[in-house]
Amino acid sequence: VQLQASGGGLVQAGGSLRLSCAASGRTFSSYAMAWFRQAPGKGREFVAAISDSGGSTDYADSVKGRFTISRDNAKNTVYLQMNSLKPEDTAVYFCATSDFGVITHGAPSYGYWGQGTQVTVSS
């Protein structure tokens, strides 16, 4: 299984970015997907997740109302639209594929991870 994340970059506070994660090597539509992030000196934290069909989503309180997770099962790709970015959103963002079809928040539920993409928000 391979996950390739892209779309990170440098943006000013209040700006937007769209992350993409292309998956290969397993039946994409059978598993939930998620985004996690890790800021310098901090642990990896849950950001958002989407169920196998895309019918259910969940978000960390810190990003609710600003970020939107979506997926295109025909393209084997999951997205994270990030709006109203804040300096505290600065982190390396990782996509991950779950071992389940339903949403879970815990990192151990996600067996495969992408390489991460850097998001930097300047004030």
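The values are calculated or read from the model by the stated rules, or taken from the named source; none is laboratory data. Note that the coordinates shown come from a computational prediction; the quantities given were computed from them, not determined experimentally. Because the Cβ atoms are built from the backbone with ideal geometry, glycine has one as well, and the counts that use them run over all protein chains shown. Keep in mind that these areas ignore ligands, DNA and RNA; they rest on the heavy atoms of the full protein, side chains included. Shrake-Rupley method; radii C 1.70, N 1.55, O 1.52, S 1.80 Å.
Take the convex hull of the alpha carbons in the range 1-55; its mean projected area over all directions comes to 5.1 nm².
Highest mobility in the GNM of the chain, judged by mean-square fluctuation with C-alpha springs under 10 Å and restricted to Ser20, Ser62, Ser53, is found for Ser62. Loop only per DSSP, at most 12 neighbouring Cβ atoms within 10 Å: give me the trypsin sites (Lys or Arg not before Pro) in the range 1-89, ordered by residue number. For trypsin sites (Lys or Arg not before Pro) across the range 1-89 that sit outside H, G, I, E and B with at most 12 neighbouring Cβ atoms in 10 Å, the list reads Lys42, Lys64, Lys75.
Of Val1, Val102, the residue with the largest accessible area leads and the full order is Val102, Val1 (1.4 Å probe). Rounded to 0.05, the FRET efficiency of the Arg66 and Arg26 pair, given R0 = 25 Å and the Cβ-Cβ distance, is 0.25. In straight-distance terms, cross-link reach from Lys42 covers every one of the lysines whose alpha-carbon lies under 19 Å from its own, apart from those fewer than eight places away in the same chain; here that gives Lys86.
For the chain, the Cβ-based charge dipole about the Cα centre amounts to some 180 debye (Lys, Arg positive; Asp, Glu negative; other atoms uncharged). Phi angles across the range 112-118 convert, under the Karplus curve 6.51 cos²θ - 1.76 cosθ + 1.60 with θ = phi - 60°, into 3J(HN,Hα) values of 9, 10, x, 7, x, 9, 7 Hz, Gly and Pro given as x. With protein chains left intact and a 1.4 Å probe, residues in the chain average 47 Å² of accessible area per residue. Taken over the chain, the alpha-carbon convex hull comes to 87 cubic angstrom per residue.
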